[in-house]
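Chemist: Would you mind keeping the following structure in view while I ask a few things?
The values are calculated or read from the model by the stated rules, or taken from the named source; none is laboratory data. In this text, all values refer to a predicted model and were calculated from it rather than measured experimentally. Using ideal geometry, Cβ is built from the backbone for each residue, glycine included, and neighbour counts are taken over all protein chains shown. Surface accessibility is based on the protein's heavy atoms, side chains included, excluding ligands, DNA and RNA. Shrake-Rupley method; radii C 1.70, N 1.55, O 1.52, S 1.80 Å.
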Amino acid sequence: MQTIEWNDFEKVQLLVGTIVEASPFPEAKKPAYILKIDLGPKIGIKESSAQITKLYTLEELVGKQVFCVVNFKPKKIGPFISEVLTTGLVLGDEVVLAVPERKVPNGSKLA
């Protein structure tokens, strides 16, 4: 395992946001959703593509808080630009979202 220094970790901006809208992403190569995530007043609402269709329905995603990396460069995924990375735990071919264990203000930073 490669080790990193504390300042390397500090470069990653992992913030909590609330999913305010979830929609299908039929153009994706692998089944995915498009998420609109409110990351608080400093960042605002950003979009993300997430391959989480096996474990989550569109309806249950709205209102869920998730951890997002907000300082990656935007990534083009087919016709869509993903602005943030929604984090999760990979279990085979499924992804379980990384979520806070209780509600916190949008924009809160993981430390």
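Chemist: Within segment 46-58, which residues are in contact (Cβ under 8 Å) with a residue 40 or more places away in the chain and open to solvent by 40 Å² or more (accessible area, probe 1.4 Å)?
Modeler: Q51, K54, L55
Chemist: Still on this model: When you scan segment 4-20, how many residues do you find that are aliphatic (A, V, I, L, M) and open to solvent by 90 Å² or more (accessible area, probe 1.4 Å)?
Modeler: In the first step, residues of segment 4-20 are kept if they are aliphatic (A, V, I, L, M); the result is 4, 12, 14-16, 19-20.
After this cut, where a residue has to be open to solvent by 90 Å² or more (accessible area, probe 1.4 Å) as well, the list is 4.
Number satisfying all stated conditions: 1.
Chemist: So, in segment 65-90, how many residues would count as being in contact with a Cys (Cβ under 8 Å, 6 or more places away or on another chain), open to solvent by less than 40 Å² (accessible area, probe 1.4 Å) and more than 14 Å from G40 (Cβ to Cβ)?
Modeler: Of the residues in segment 65-90, 2 are in contact with a Cys (Cβ under 8 Å, 6 or more places away or on another chain), open to solvent by less than 40 Å² (accessible area, probe 1.4 Å) and more than 14 Å from G40 (Cβ to Cβ).
Chemist: Separate question: If you check every pair at least six apart or on different chains, which have Cβ atoms under 6 Å apart with a residue in segment 59-84 that is among the small types (G, A, S) first and a residue that is crowded, with 20+ Cβ neighbours inside 10 Å second?
Modeler: S82/S48; S82/S49
Chemist: I would also like to ask the following. From the list K109, K46, K73, pick out the single residue that is in contact with an Asp or Glu (Cβ under 9 Å, 6 or more places away or on another chain), closer than 17 Å to Q13 by Cβ and not β-branched (V, I, T).
Modeler: Testing whether each residue is in contact with an Asp or Glu (Cβ under 9 Å, 6 or more places away or on another chain), closer than 17 Å to Q13 by Cβ and not β-branched (V, I, T) leaves just K46.
Chemist: Please determine, by comparing only the residues of segment 21-45 that are β-branched (V, I, T) and closer than 20 Å to L110 by Cα, which one is most open to solvent (accessible area, probe 1.4 Å).
Modeler: Here the residue is I45.
Chemist: Ok, one more. Is it the case that some residue within segment 13-25 is at pLDDT 95 or above, under 13 Å from N71 (Cα atoms), assigned to a loop (DSSP other than H, G, I, E, B) and not aliphatic (A, V, I, L, M)?
Modeler: Yes, because at least one residue in segment 13-25 is at pLDDT 95 or above, under 13 Å from N71 (Cα atoms), assigned to a loop (DSSP other than H, G, I, E, B) and not aliphatic (A, V, I, L, M).
Chemist: If you don't mind, there's one more thing I want to ask. Only residues in segment 14-26 that are of a type in the set (D, E) count as the first member; pair them with residues that are modelled with pLDDT of 95 or more, Cβ under 8 angstrom, at least 6 apart or cross-chain, and list the lot.
Modeler: Between residues of segment 14-26 that are of a type in the set (D, E) and residues that are modelled with pLDDT of 95 or more, the close pairs are E21/L35; E21/K36; E21/V62.
Chemist: Taking the criterion of being open to solvent by less than 90 Å² (accessible area, probe 1.4 Å), out of contact with any strand residue (DSSP E or B) (no Cβ under 7 Å at 6 or more places or on another chain) and assigned to a loop (DSSP other than H, G, I, E, B), would at least one residue in segment 91-104 satisfy it?
Modeler: Among the residues of segment 91-104, at least one is open to solvent by less than 90 Å² (accessible area, probe 1.4 Å), out of contact with any strand residue (DSSP E or B) (no Cβ under 7 Å at 6 or more places or on another chain) and assigned to a loop (DSSP other than H, G, I, E, B), which makes the answer yes.
Chemist: Residues that are under 17 Å from P26 (Cβ atoms): list the strands (runs of 3 or more DSSP E) wholly contained in segment 44-85 that include at least 2 such residues.
Modeler: 45-50, 75-77, 80-82
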